[in-house]
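See below for the structure under consideration.
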Amino acid sequence: MTKTRRRFKFKSLAIALVLFTISGFMMVPVIQEVMTTIALKKSLDEVNTKLSALSVENETLTLQRDKLLDTDYVISYARGIYMLSKDTEKVYYFKDNTVK
């Protein structure tokens with residue numbers, strides 16, 4: 001190889017190395033952004049799951065609230081759960097006749 005060819009090869013190798021190093025430094029922020037995007041998508045999926053669970057719970061509680069605003073339901077509920085009765089009524093308890 002001649003001296004000029006060696007210089008040309010060395011210069012092209014040096015330029016390639018410099019360009020490779022610069023492109024490597026430019027890729028670091030891109031990789032960081034991709035990692036951040038992946039983490040945010042995962043977080044968004046978790047939040048959407050919690051949101052759907054809370055929406056179901058909100059519907060259940062809204063229905064329960066609406067029922068408790070109805071006086072007939074409250075009276076029926078209190079009589080059934082707490083065995084309350086009117087003054088003129090008597091409450092009878094029956095044994096459990098299930099077969100064991």
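Loop-resident chymotrypsin sites (Phe, Trp or Tyr not before Pro) (DSSP state other than H, G, I, E or B) in segment 3-54 with no more than 10 further Cβ atoms inside 10 Å of their Cβ are absent. Length gained on full extension, E57 to L19, computed as 0.36 nm times the residue gap minus the Cα-Cα distance: 7.9 nm. Where only DSSP H runs of four or more residues are counted, the chain gives -29000 deg cm²/dmol as its mean residue ellipticity at 222 nm, each run worth -39500 (n - 2.57). Rounded to the nearest 0.05, the FRET efficiency derived from the C-beta distance between T4 and M26 at R0 = 35 Å is 0.60. Of A78, Y93, S55, which is farthest on the positive side of the dipole of the chain, counting Cα position, with +1 on Lys and Arg Cβ, -1 on Asp and Glu Cβ, and the Cα centre as origin? Working it through, the farthest residue towards the positive pole turns out to be S55. Placing +1 on the Cβ of every Lys and Arg and -1 on the Cβ of every Asp and Glu, with no other charges, gives the chain a dipole of roughly 1700 debye about its Cα centre.
Applying 1/(1 + (r/R0)^6) with r as the Cβ-Cβ distance of K90 and Q64 and R0 = 30 angstrom yields a FRET efficiency of 0.45.
What GluC sites (Glu not before Pro) in segment 1-89 are in a loop by DSSP, with at most 15 other Cβ atoms within 10 Å of the Cβ?
The qualifying sites are E89.
Taking θ as phi - 60° and the Karplus parameters 6.51, -1.76 and 1.60, the scalar couplings of segment 38-52 work out to 4, 5, 5, 5, 5, 5, 5, 4, 5, 5, 5, 5, 5, 4, 5 Hz in sequence order, x denoting glycine and proline. Shown in residue order for segment 77-88 are the 3J(HN,Hα) couplings computed by the Karplus curve 6.51 cos²θ - 1.76 cosθ + 1.60 at θ = phi - 60°: 5, 5, 5, x, 7, 9, 6, 7, 9, 6, 4, 8 Hz (x for Gly and Pro).
Stokes-Einstein diffusion for segment 3-82 at 25 °C, viscosity 0.890 mPa s, with a Kirkwood radius from C-alpha pairs, works out to 128 µm²/s.
Each value in this text was obtained by applying a stated rule to the coordinates, not by laboratory testing. Given the structure is predicted, the values throughout are model-derived calculations rather than measurements. Quick reminder, even Gly has a Cβ in these numbers, built from the backbone with ideal geometry, and neighbours come from all protein chains shown.
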